[in-house]
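Below is one structure, written out as structure tokens, with a few remarks after it.
The values are calculated or read from the model by the stated rules, or taken from the named source; none is laboratory data. Bear in mind the structure is a predicted one, so any value in this text is a computation, not a measurement. Don't worry about glycine lacking a Cβ; one is built from the backbone with ideal geometry, like all the others, and counts go over all protein chains shown. Accessible surface areas use protein heavy atoms only, side chains included; no ligands, DNA or RNA. Shrake-Rupley method; radii C 1.70, N 1.55, O 1.52, S 1.80 Å.
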Amino acid sequence: MKTTRIYLFLIALSLFLGACQPSKKSETTALNLSNSIKYAQGLSIQKGKGYSVVKISNPWPNAKETFTYILKEKNAIIPESLRKFTQIQVPVQTIVVTSTTHIPSLEMLGVEKTLAGFPQLDYISSTKVRALIDAHKIKELGTNQNLNTEALLDLQPDLIVGYGIDGVHPSLDILQKSGLKVMFNGDWNETTPLGKAEWIKFFGALYGKEKLAEQIFSTIEKSYLETLKKVQKTKIRPTVLAGALYENQWYLPHGNSWGSLFIKDAGAHYLWADSKGTGSLSLSFETVLEKAVHADFWIGPSQYTSLAEMQKDQPHYAEFKAFKNKQVYSYSNKKGATGGLIFYEWAPNRPDWVLQDMVKIFHPELMPNYEFHFFEQLK
């Protein structure tokens, strides 16, 4: 249980704070294939005649390999220079994904019924996918760190979409050696809001729904940029604190992280915006209190669901101005039917909703009739 809690905490930080072979950069440039990706730093999709070349360059932090996959349509002829890479027949008919951040892409593309299995089903919040789970059409596959390889070999999905915290993934290695197709997905390792959301194009390519994926992303991008324009009209920049204590250390986003960029785009001043890095900071309580005691807002205080719960766990939280003024906002109260946090699942896929939520918090006058998707003010 402790391992699971630590794993979930790391995923929370990445969200608020974000058999294949190594490829060489020159392998596809000679084929004059153009990349359709605009924002995602770890994803490249190049379309050929009857096939796509997908490159994943950041499946986990500090990854030193780039992974190349060939998505092959029926009867397509693959250029000889690309035949050494893993080939995957598309459109995919059955799939296993391993992160809840993958679920919204399947749902938005209308292919959620192809989902054959998932590790730790209770974390899925999507009502459409939960209906399939209740109908026993999606198999429980253990945990992401320890996939049930026997169940997966019995299931024989067309593709397993995995991800890693680091370069060690023994379960996926076993599955690949057994003949199953595995692709890494690095959406969680993107550091920009639109960069994460653009990974819907990864799934669009798997299902031959590239145009639909492009349309969905363009809608998200337009919504995000339009909200950004609203914020640029105001000169008020309230100060913001984020995160909370975990085992005597206060974890909060670095200045170049996903969470920090949201706060900036929402027209507020994150107090650690000048820190260098894209992951999380680990500070003492005293250090945070000294700098943020007068912060106007407190965003994402771990998984607390009320001010009373926060104060009971750590009485010194009450020393912060934002706590005293009840300007503490969390996404932890909005859960799926079996307890999965909706924010974890949908926020990376709909950054426009996250931004709109934050603008509503920091500049409510700009969003007078807006209702929160994820956040709410703790009581």
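Solvent-accessible area per residue in the chain equals 45 Å², computed with a 1.4 angstrom probe and all protein chains kept. Each 10 Å bin from 0 upward holds the following percent of the Cα-Cα pairs of the stretch 223-379: 11, 42, 38, 10, 0.
Note on the stretch 104-260: Rg/Rh from C-alpha atoms, Kirkwood Rh, equals 1.03. When Lys64, Lys229 are compared by accessible surface with a 1.4 Å probe, the order from highest to lowest is Lys64, Lys229. Semi-axes of the equivalent ellipsoid of the stretch 250-294 are 18, 13, 7 Å, computed as sqrt(5λ) over the eigenvalues of the C-alpha gyration tensor in descending order.
Taking a ≥ b ≥ c as the square roots of the Cα gyration tensor eigenvalues, the stretch 194-282 comes out oblate, since a/c reaches at least 1.5 and a/b does not exceed b/c.
For the chain, DSSP calls about 55 percent of its internal beta bridges antiparallel. For trypsin sites (Lys or Arg not before Pro), the sites in the stretch 129-158 that DSSP calls loop and that have at most 14 other Cβ atoms within 10 Å are Lys137. Whole-percent P(r), the stretch 187-233, all Cα pairs, 10 Å bins from 0: 27, 44, 24, 5, 0.
Excluding same-chain neighbours fewer than eight residues apart, the lysines reachable from Lys321 by a Cα-Cα span under 21 Å are Lys264, Lys291, Lys312, Lys360, Lys379.
Distance distribution note for the stretch 41-131: the fraction of Cα pairs above 21 angstrom is 46%. Note on Arg237: accessible area approximately 100 square angstrom, rounded to 10, probe 1.4 Å, nucleic acids and ligands left out.
Report the extension gain between Glu226 and His294 in nm, rounded to one decimal, defined as 0.36 nm multiplied by the number of residues separating them, less their alpha carbon distance.
Net length gain for the segment: 21.4 nm.
Quick one: with all protein chains in place, what share of the accessible area of the chain is carbon or sulfur, to the nearest percent (1.4 Å probe)? Accessible surface attributable to carbon and sulfur in the chain totals 51 percent.
One quarter of the convex hull surface built on the alpha carbon atoms of the stretch 148-232 amounts to 7.1 nm², the projected area averaged over directions.
Among Leu194, Thr149, Tyr304, whose Cα lies farthest out toward the positive end of the dipole of the chain, if unit charges sit on the beta carbon of Lys, Arg (+1) and Asp, Glu (-1)? Farthest along the dipole direction, towards plus: Leu194.
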